[in-house]
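Bear in mind that the values in this text are calculations on the coordinates, not laboratory data. These numbers were taken from a predicted model, which means no experiment stands behind them. Quick reminder, even Gly has a Cβ in these numbers, built from the backbone with ideal geometry, and neighbours come from all protein chains shown.
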Amino acid sequence: MNIAIVTGASSGMGKEFVLQLSQYVKVDEIWAVARRENALEQLKNLVSVPVRPVPLDLCKEESFYAFAKLLEKEKPDVKLLVNAAGFGKFGSFENISLEDECRMVDLNAKALLAMTRVTLPYMQPGSHILQLDSLSAFQPVPYITTYGATKAFVLSYCRAMNRELKGRGIRMMAMNPGWVKTEFFSHAFQTNQSEVQYFDRLYEAKDVVATGLKDLYKTKKDMSIHGFPVKFQVFLVKLVPHRFVMDIWLSQQKKAKNNKGLA
Ligand SMILES: NC(=O)c1ccc[n+]([C@@H]2O[C@H](COP(=O)([O-])OP(=O)(O)OC[C@H]3O[C@@H](n4cnc5c(N)ncnc54)[C@H](OP(=O)(O)O)[C@@H]3O)[C@@H](O)[C@H]2O)c1
């Protein structure tokens, strides 16, 4: 049985991957992973490929072992793995609980690594892995500090693993979007007075995901970046010392509130 696995499939970009992936890969089932089982069940009505909801809390280590057992039982041929589960918290570290900081590391970094490791034995040459990363991977980001650090981990892990996997004929790519209109923002703000206030442009999840899938299947890139302004920013932060990049980011946050695109 050929399958695709998508974590974070209950909303946002993960859900978009479930909706769009059949344009690039033919599978018998899509395994949709997230905590909200109802939202995963609803995916069955939205795509022609059978969807198997796999309700798991990926902040819990036992979930990795439960998923490994499921793979062992079904022995699928995994054609595509998308790790899209993740969340961020905005604001001063003093306003973010230690529990939330640890959960960001657990979900964004540890779960992504663990889901990749348990799935890899079920992947053959020609299969693909997409890791949902972020523009914040390329620079330190005060007031999105821990979130950005988890995404820097993902970028480094993903690019190096892509090289390691070359000999096995498996391709791994990071996807590094700027701001995207999803439920992400409803989880990110701690208070109305967040230090993070300036969102220059917000992209649509369906467009970012379409670019990610095209780059994964039609190019040899190890990073996918949607939108010229985001690409240009990535280019600039490689040239400018990061202390200046952080100065610019902090001065942007002091500008008049610009979050009109947020839901
Ligand atoms: N939106 C942006 O501006 C933006 C920009 C760059 C990168 N990203 C990254 O894109 C990825 C997807 O985010 P999104 O924007 O699509 O946000 P989203 O709509 O909030 O989606 C997050 C997904 O992660 C799942 N999730 C959260 N906690 C989980 C847990 N403990 N166990 C299992 N699944 C969990 C959620 O499902 P349940 O709640 O049902 O568990 C949901 O399906 C994240 O890694 C995020 O960091 C987002």
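Considering only residues of segment 165-180 that are within 14 Å of residue 127 (Cα to Cα) and not in a loop (DSSP other than H, G, I, E, B), which is farthest from the ligand (Cβ to nearest atom)?
If we filter segment 165-180 for residues that are within 14 Å of residue 127 (Cα to Cα), which is where we start, we get 165-173.
Restricting the remaining residues to those that are not in a loop (DSSP other than H, G, I, E, B) gives 165-166, 171-173.
Details: 165: 21, 166: 25, 171: 20, 172: 16, 173: 14 Å.
Result: 166.
Here is a yes/no grid of residues against (1) part of a loop (DSSP other than H, G, I, E, B); (2) within 16 Å of the ligand (Cβ to nearest atom); (3) closer than 21 Å to residue 153 by Cβ:
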residue: 62; (1), (2), (3): no, yes, no
residue: 65; (1), (2), (3): no, yes, no
residue: 69; (1), (2), (3): no, no, no
residue: 73; (1), (2), (3): no, no, no
residue: 78; (1), (2), (3): no, no, no
residue: 85; (1), (2), (3): yes, yes, yes
residue: 89; (1), (2), (3): yes, yes, yes
residue: 101; (1), (2), (3): no, yes, yes
residue: 104; (1), (2), (3): no, yes, yes
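If you take the residues of segment 145-172 that are touching a Ser or Thr at 6+ places or on another chain (Cβ under 6 Å) and under 24 Å from residue 203 (Cβ atoms), which of them is surrounded by the most Cβ atoms within 10 Å (Cβ to Cβ)? Show your work before the answer.
Of the residues in segment 145-172, the ones touching a Ser or Thr at 6+ places or on another chain (Cβ under 6 Å) are 148, 151, 170.
With the extra rule that they be under 24 Å from residue 203 (Cβ atoms), the set shrinks to 148, 151.
Details: 148: 21, 151: 27.
The selected residue is 151.
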Checklist (1) more than 13 Å from the ligand (Cβ to nearest atom); (2) of a type in the set (A, V, I, L, M, F, W, C); (3) farther than 28 Å from residue 231 by Cβ applied to residue 129, failing item: (3)
